[in-house]
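Visitor: Take this structure, written in structure tokens, and hold onto it; I'll ask about it next.
The values are calculated or read from the model by the stated rules, or taken from the named source; none is laboratory data. Fair warning: this is a prediction, and the values are worked out from it, not measured in the lab. Cβ sites come from the backbone with ideal geometry, for glycine too, and all protein chains shown count toward neighbours.
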Amino acid sequence: GGNFLERELGLSLAEKVGLIFGDPFRGRAASVRHDTLCHILAQMVFLPISKIREQLIKAGDLPSLFALSTVKKKADTPVASAVVVKTLSHLSSTGRRRRTEVLQDLFQQCGRLERYVLAGLILGKVHLNVSGRQDLILKALSFKYGAGLESLTSAAALLDIFGLCDLLEEKGIEGLKEVTLKPLSPIRPALAGSNIPSDLKFPAWFECKYDGLRLMIHKDTDSQGRALAGAFTRRRNDWLELIKGVHNLVQLLPCRSAILDGELHGTILDRWGAPRPATVYEVHSYLRGESPVPVNLKYVGFDLVYLNGHDLTGLPFRDRRRNLETLLTPITGMPLPLPVVLSQGSRVENKEQLNRLYEQYRHQGHEGGMVKVESSTYPIAQRTTNWMKRKPEETLDLVLTAAFWSDPTAAGNRPFDSFIIACRSPEGFKEVGTVAGVDAGTSVQVVQTIMSQNLLTGRTVEHRGSRNTSAGVELAPGLVVSVKFEGIVRPDPDRVALRSPRIVRLRVGEIGPYEANSLEDLHQIQLKHGLG
């Protein structure tokens, strides 16, 4: 790693690190999607897009199909890494037509291996076989610049590894003095790292786990006393203008500056007119103006990492919680455009108290609960075993009725990124959600079953998600899978959907589609849990 970073290649330090990570876009969203590459390949080989998608199933993944699309084993003139990286990094600033022309030209210059690697880089599927890449890079940077490893690790958490490289290359080790936690500079939040173990040590803090959008609210005050606000998602996107009421909330916070961690949560009316917690998908759809029913939003604060010029991440959770309660209590319950509340939580002395609180949260319709070690600090941008989840999981046997081509961000060589799952109903098979794909090994079994049982109907399907539209193929009912889930919700009066579904097993040769779970089974489970 160190030798590569030192070499003169015509690349910046951040661009070299991007190559090591297999990420020429340096943490930003790729400007070229899977479906766009399919269309580019179709134009290059003069085939209809439907034929490309058929070939994709046989090839296994898009990089392999690009490699098979040329008879040239090697490029006539080797394509320099710097050319590829510089070209890809500037694609987002070009128009769609120009972007397509540039990529076609780049692919035409490549031999088989180069085409495979180029397509893989664009789709985020190329990684050097280096375990703990970021740790290795930080050690190399420590040696190169003579900086302490701990200070580099902290800076990378605040900036990300690419931002750190840009800073070091521009300002050297002196630039690290500028890297501090401060309002309006987004950070990635701490994440729960495990489920609650059977030997959990008590006492512990146990709080409600809400189904919402992770949101860090920032407040700062300028020299004229005006409040400045930010509302950053887990991916550090600022949704301030998307979420109405954040400005009002921030102005009323009784402090000069703060960074709160919490969830944008909502309440919705079910078909009987009773309120229930909205799912994260319903909250997201409402913000995008796609929800058929209104969602009453509120901000649930569960941590405080910065207050009045002081970084609180090094304090124990119990102290951060005390500061959070002091900050939010005066404005909790106020009739704001975006109301703010403290997360429900309590100190528990034993497993019985924890179970009692957990059942209370579930009865309220929430996801479950979260244990937090009271003495733990706040690890920015890291998963921590000091935060432990407890959520229910159940299993249903459902039928795959459509398969969507792999997403650009999907890892591994898998032709399908996700599937539509359906249950039996009097009208046939009724969709109950979209489930993420399976691992590479199981994916091979899925493809083999689809082909051997002739499940492809020849019809294409599309799924409009919160981020993009996925293209796929319709499947005849035939492949049954066991699916774990965490609850059943009603996105609208005539539809049920699974919360957080996940395929855990293929039921090939075990049960047929007409032995899968029925819509009535889902209604019974929903009734049992009181989630309707």
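Visitor: Take the stretch 255-308 and flag every residue that is farther than 19 Å from GLY365 by Cα, of a type in the set (Gly, Ala, Ser) and not in a helix (DSSP H, G or I).
Guide: Once the filter is applied, which keeps residues that are farther than 19 Å from GLY365 by Cα, of a type in the set (Gly, Ala, Ser) and not in a helix (DSSP H, G or I), the stretch 255-308 yields SER257, ALA258, GLY289, SER291.
Visitor: Inspect all residues belonging to the stretch 259-276 and state whether any of them is within 18 Å of GLY230 (Cβ to Cβ), buried (at least 17 other Cβ atoms within 10 Å of the Cβ), assigned by TED's automatic domain parsing to the domain that holds ALA231 and touching a His at 6+ places or on another chain (Cβ under 6 Å). Spell out how you get there, then give the answer.
Guide: Looking only at the stretch 259-276, we keep the residues that are within 18 Å of GLY230 (Cβ to Cβ), and these are 259-264.
Then keep just the ones that are buried (at least 17 other Cβ atoms within 10 Å of the Cβ); that gives 259-264.
Pick out the ones that are also assigned by TED's automatic domain parsing to the domain that holds ALA231 and you get 259-264.
Add one more test, that the residue is touching a His at 6+ places or on another chain (Cβ under 6 Å), and what stays is 259.
The answer is yes, given that some residue of the stretch 259-276 is within 18 Å of GLY230 (Cβ to Cβ), buried (at least 17 other Cβ atoms within 10 Å of the Cβ), assigned by TED's automatic domain parsing to the domain that holds ALA231 and touching a His at 6+ places or on another chain (Cβ under 6 Å).
Visitor: Out of curiosity, is PRO335 touching a strand residue (DSSP E or B) at 6+ places or on another chain (Cβ under 6 Å) and either polar (S, T, N, Q) or under 30 Å from LEU252 (Cβ atoms) (or both)?
Guide: So PRO335 fails the test.
Visitor: Give the stretch 233-269 a look and list any residue that's free of Cβ contacts under 8 Å to residues at least 24 places away in the same chain and either of a type in the set (Ser, Thr, Tyr) or touching a Ser or Thr at 6+ places or on another chain (Cβ under 8 Å) (or both), or say none.
Guide: Answer for the stretch 233-269, where residues must be free of Cβ contacts under 8 Å to residues at least 24 places away in the same chain and either of a type in the set (Ser, Thr, Tyr) or touching a Ser or Thr at 6+ places or on another chain (Cβ under 8 Å) (or both): just THR233.
Visitor: What pairs come out if I take residues in the stretch 472-483 that are within 22 Å of ILE52 (Cβ to Cβ) and touching a residue at least 24 places away in the same chain (Cβ under 8 Å) and pair them with residues that are buried (at least 17 other Cβ atoms within 10 Å of the Cβ) and among the β-branched types (Val, Ile, Thr) whose C-beta lies under 6 Å away, six or more apart or interchain?
Guide: Once the first residue is within 22 Å of ILE52 (Cβ to Cβ) and touching a residue at least 24 places away in the same chain (Cβ under 8 Å) and sits in the stretch 472-483, its partners that are buried (at least 17 other Cβ atoms within 10 Å of the Cβ) and among the β-branched types (Val, Ile, Thr) give LEU475/THR401.
Visitor: Out of the residues in the stretch 3-45 that are within 24 Å of the chain's Cα centre (by Cα), surrounded by 15 or more Cβ atoms within 10 Å (Cβ to Cβ) and among the basic types (Lys, Arg), state the one that is modelled with the highest pLDDT.
Guide: My answer is ARG26.
Visitor: Go through the stretch 323-350 and give me each residue that's under 19 Å from SER257 (Cβ atoms), surrounded by 17 or more Cβ atoms within 10 Å (Cβ to Cβ) and among the polar types (S, T, N, Q).
Guide: Passing the criteria: only ASN323.
Visitor: Right, something else. Hey, does the stretch 65-78 have a residue that's of a type outside the set (S, T, N, Q), in contact with a Ser or Thr (Cβ under 6 Å, 6 or more places away or on another chain) and crowded, with 17+ Cβ neighbours inside 10 Å? Talk me through it step by step, then tell me what you get.
Guide: Looking only at the stretch 65-78, we keep the residues that are of a type outside the set (S, T, N, Q), and these are 65-68, 71-76, 78.
Those left that are additionally in contact with a Ser or Thr (Cβ under 6 Å, 6 or more places away or on another chain): none.
No, the conditions are met nowhere in the stretch 65-78.
Visitor: Tell me whether the stretch 310-319 contains one or more residues that are surrounded by 14 or more Cβ atoms within 10 Å (Cβ to Cβ), more than 25 Å from SER185 (Cβ to Cβ) and either at pLDDT below 95 or of a type in the set (D, E, K, R) (or both).
Guide: Taking every residue of the stretch 310-319 in turn, at least one turns out to be surrounded by 14 or more Cβ atoms within 10 Å (Cβ to Cβ), more than 25 Å from SER185 (Cβ to Cβ) and either at pLDDT below 95 or of a type in the set (D, E, K, R) (or both).
Visitor: Filter the stretch 132-166 down to residues that are over 23 Å from the mean Cα position of the chain (by Cα) and within 18 Å of ASP23 (Cβ to Cβ), then give me how many there are.
Guide: Selection size over the stretch 132-166: 7.
Visitor: Next question, about the same structure. For the stretch 63-90, name all the residues that are at pLDDT 85 or above and in contact with a helix residue (DSSP H, G or I) (Cβ under 7 Å, 6 or more places away or on another chain).
Guide: Listed by number, the residues that qualify are PRO63, SER64, LEU65, PHE66, ALA67, LEU68, SER69, THR70, VAL84, VAL85, THR87, LEU88.
Visitor: Tell me, which helices (runs of 4 or more DSSP H) lie completely within the stretch 51-112 with 3 or more residues that are free of Cβ contacts under 8 Å to residues at least 12 places away in the same chain?
Guide: Filter on the stretch 51-112 gives 96-108.
Visitor: Restricting the search to the stretch 482-498, which residues are more than 24 Å from the chain's Cα centre (by Cα) and assigned to a strand (DSSP E or B)?
Guide: Correct list: ASP492, ARG495.
Visitor: Taking the stretch 309-324 only, how many residues are assigned to a helix (DSSP H, G or I), among the charged types (D, E, K, R) and within 28 Å of the chain's Cα centre (by Cα)?
Guide: Counting residues in the stretch 309-324 that are assigned to a helix (DSSP H, G or I), among the charged types (D, E, K, R) and within 28 Å of the chain's Cα centre (by Cα) gives 2.
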